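Student: Attaching a single structure in structure tokens format; questions to follow.
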Amino acid sequence: MYRTSKLTSAAFALTLACASAGAQPRSANTQQPGDEESQTAPLTSKMAEAPRSARSKVAAPIIGSATVTKNQCGVLTITVTFNDDWKPMPGFNGKGTYQVSKYAGNELSVVSASNDPVIDIAWPVGEGFKFIVEARSRQTGAVGVTMERLVGEVQGIANNYCPPPPPPYVPEAGEVRLRHEQTGTCMFGDPSGGGIVQALKCWQDPFLSYVLDPAGGNEFRLRHKLTGNCVYADTVNGGIAKNWVCWDDPNMRFVKEQLPGSNRFRLRHVATGQCLFTQFKPGKFGLRPPTPVRGWAACWDDPAMVWVADPF
């Protein structure tokens with residue numbers, strides 16, 4: 001009896017030891033059947049953080065900046081610049097390079113399309129605005145894809161401040177525009193000393209204003225009103241006239257050779273005998289670029305030498 005009982009006890013102890021040795025320790029993070037809470041909690045959290053299926057435009061990478069550089073009189077001026085590794089591309093299929101859109105709830109609607117990086121937008125005074133600015137663009141250092149990309153976002157309130165208008169221009173006595181009769185352009189001078197004298201399309205602009213200052217007898221100097229420079233002729237036949245600070249220099253003296261009609265004349269340089277003339281040179285897209293005013297040694301009945309004094 002004693003021996004049978006002892007063997008039974010030993011077998012039971014061995015069974016317990018084997019069961020203990022075969023068991024695996026349970027980690028604190030290991031999910032076991034029946035742990036429903038530990039299964040659903042991480043899944044629910046992950047679904048809440050899932051990205052939206054369609055990214056909004058403001059979530060796109062920004063390739064530059066858009067800044068409101070002027071806000072007055074109900075007009076907003078937005079200036080667009082690019083980061084160094086991006087460049088603007090021409091508009092396509094009726095769209096401009098730059099596009100400004102406003103927020104309307106969760107939607108966007110275009111308020112301006114432009115090929116100019118400086119964009120003016122009329123906006124009601126006192127009303128808030130929130131725009132995004134996009135541009136057709138491409139990376140500079142790689143052969144990338146041309147597409148519309150986000151440049152920046154601006155917001156604020158349209159300002160009602162309007163700067164006072166400039167005072168009206170009051171011409172002095174004898175102030176005129178020297179209009180070239182054949183081309184319809186007007187004489188103007190480079191503001192820098194020694195700059196060339198050119199002819200440009202006439203309009204009511206003080207920059208085109210000259211005063212004929214008496215220089216003794218029937219002679220005068222052609223003084224550019226805004227710069228105070230006087231016209232002088234090149235001694236080379238066909239040379240370009242230039243301007244310099246006015247002083248009593250014989251090389252700055254001219255006379256008018258009157259012609260039939262109202263205020264028509266030739267401008268003859270006293271020291272060289274040259275007459276001032278200019279020519280028409282058509283530019284691109286129908287524009288007339290500035291053309292130099294030159295002197296020619298022989299004054300004669302040439303339409304290219306006829307000038308008209310138009311009073312302001």
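The values are calculated or read from the model by the stated rules, or taken from the named source; none is laboratory data. These numbers come from a predicted model, not from an experiment. Here the Cβ is made from the backbone with ideal geometry for all residues, glycine too, and neighbour counts use every protein chain on show. The area values use the complete protein model at the heavy-atom level, side chains included, leaving out ligands, DNA and RNA. Shrake-Rupley method; radii C 1.70, N 1.55, O 1.52, S 1.80 Å.
Student: What number goes with the only condition from (1) surrounded by 15 or more Cβ atoms within 10 Å (Cβ to Cβ); (2) farther than 23 Å from residue 183 by Cβ that residue 247 does not pass?
Tutor: (1)
Student: Please report, ordered by residue number, the strands (runs of 3 or more DSSP E) entirely within the stretch 209-285 with at least 3 residues that are closer than 22 Å to residue 300 by Cβ. I'd like the intermediate steps shown before the answer.
Tutor: Working: elements: 209-214, 220-224, 229-232, 242-245, 254-258, 264-269, 275-277.
Counting at least 3 such residues, we get 254-258, 264-269, 275-277.
Student: Of the numbered conditions (1) farther than 22 Å from residue 234 by Cβ; (2) modelled with pLDDT of 90 or more, residue 168 satisfies every one except a single condition; which is it?
Tutor: Condition (2) is where residue 168 drops out.
Student: Report yes if residue 167 is farther than 30 Å from residue 137 by Cα and open to solvent by 50 Å² or more (accessible area, probe 1.4 Å), otherwise no. Even if it seems obvious, please write down each step before you answer.
Tutor: On the way: farther than 30 Å from residue 137 by Cα: yes; open to solvent by 50 Å² or more (accessible area, probe 1.4 Å): yes.
It is true that residue 167 is farther than 30 Å from residue 137 by Cα and open to solvent by 50 Å² or more (accessible area, probe 1.4 Å).
Student: Right, something else. So residue 254 clears everything in (1) surrounded by fewer than 14 Cβ atoms within 10 Å (Cβ to Cβ); (2) touching a Leu at 6+ places or on another chain (Cβ under 7 Å); (3) of a type outside the set (S, T, N, Q) except one condition, right? Which one?
Tutor: Checking residue 254 against (1) surrounded by fewer than 14 Cβ atoms within 10 Å (Cβ to Cβ); (2) touching a Leu at 6+ places or on another chain (Cβ under 7 Å); (3) of a type outside the set (S, T, N, Q), the one that fails is (1).
Student: Additional query: Taking only the stretch 69-84 into account, find how many residues are of a type in the set (A, V, I, L, M) and either exposed (fewer than 14 other Cβ atoms within 10 Å of the Cβ) or under 16 Å from residue 150 (Cα atoms) (or both).
Tutor: 2
Student: Also, quick follow-up: Against the definition (part of a strand (DSSP E or B), within 29 Å of residue 77 (Cα to Cα), open to solvent by less than 30 Å² (accessible area, probe 1.4 Å) and of a type in the set (Phe, Trp, Tyr)), how does residue 188 come out, yes or no?
Tutor: no
Student: Cβ-Cβ under 6 Å, sequence separation 6+ or interchain: first residue in the stretch 295-312 and in contact (Cβ under 8 Å) with a residue 40 or more places away in the chain, partner open to solvent by 50 Å² or more (accessible area, probe 1.4 Å) and in a loop (DSSP other than H, G, I, E, B). Which pairs?
Tutor: Partner pairs satisfying both residue conditions: 297/237; 303/182; 304/182; 306/181; 308/181; 308/263; 309/263; 312/171.
Student: Starting from the stretch 72-90, take each residue that is on the phi < 0 side of the Ramachandran plot and list its partners that are basic (Lys, Arg) and open to solvent by less than 50 Å² (accessible area, probe 1.4 Å), counting only C-beta distances under 8 angstrom and pairs at least six apart or across chains.
Tutor: These pairs meet every condition: 86/149; 88/136; 89/136; 90/136.
Student: So in the stretch 205-224, with the set limited to residues that are open to solvent by 40 Å² or more (accessible area, probe 1.4 Å), closer than 30 Å to residue 167 by Cα and at pLDDT 90 or above, which one is nearest to the chain's Cα centre (by Cα)?
Tutor: Ranking the candidates gives 223 first.
Student: A further question follows. Are there any pairs, at least 6 apart or on different chains, whose C-beta atoms fall under 6 Å, with the first in the stretch 213-228 and in contact (Cβ under 8 Å) with a residue 24 or more places away in the chain and under 18 Å from residue 265 (Cα atoms) and the second of a type in the set (Asp, Glu) and surrounded by fewer than 18 Cβ atoms within 10 Å (Cβ to Cβ), and if so, which?
Tutor: Hits for this filter: 220/213; 221/213.
Student: All but one of (1) modelled with pLDDT of 95 or more; (2) hydrophobic (A, V, I, L, M, F, W, C); (3) under 20 Å from residue 185 (Cβ atoms) hold for residue 233; which doesn't?
Tutor: In the conditions (1) modelled with pLDDT of 95 or more; (2) hydrophobic (A, V, I, L, M, F, W, C); (3) under 20 Å from residue 185 (Cβ atoms), residue 233 misses (1) alone.
Student: While we're looking at this one, here's another question. Take the conditions within 34 Å of the chain's Cα centre (by Cα) and hydrophobic (A, V, I, L, M, F, W, C) and apply them to residue 176. Does it pass? Don't jump to the end; show me each part of the working.
Tutor: Working: within 34 Å of the chain's Cα centre (by Cα): no; hydrophobic (A, V, I, L, M, F, W, C): yes.
Against the criterion (within 34 Å of the chain's Cα centre (by Cα) and hydrophobic (A, V, I, L, M, F, W, C)), residue 176 does not qualify.
Student: Tell me, which residue of the stretch 149-161 that is modelled with pLDDT of 90 or more and assigned to a loop (DSSP other than H, G, I, E, B) is most open to solvent (accessible area, probe 1.4 Å)? Working first, answer last.
Tutor: Quick first cut of the stretch 149-161, residues modelled with pLDDT of 90 or more only: 149-159.
Okay, now just the ones that are also assigned to a loop (DSSP other than H, G, I, E, B), so 158-159.
Details: 158: 5, 159: 63 Å².
Ranking the qualifying residues of the stretch 149-161, first place goes to 159.
Student: Return the residue satisfying two criteria in turn: it lies in the stretch 90-107 and is part of a loop (DSSP other than H, G, I, E, B) and open to solvent by less than 40 Å² (accessible area, probe 1.4 Å), and of such residues it is modelled with the highest pLDDT. So that I can check it myself, show each step before the final result.
Tutor: We begin by selecting, within the stretch 90-107, every residue part of a loop (DSSP other than H, G, I, E, B); these are 90-97, 105-106.
Then drop every residue that is not open to solvent by less than 40 Å² (accessible area, probe 1.4 Å), which leaves 91, 96-97.
Working: 91: 81, 96: 87, 97: 92.
This residue is 97.
Student: Within the stretch 130-148, take every residue that is outside any strand (DSSP E or B) and of a type outside the set (Ser, Thr, Tyr) and give me the one that is nearest to residue 108 (Cα to Cα).
Tutor: Among residues in the stretch 130-148 that are outside any strand (DSSP E or B) and of a type outside the set (Ser, Thr, Tyr), the one nearest to residue 108 (Cα to Cα) is 145.
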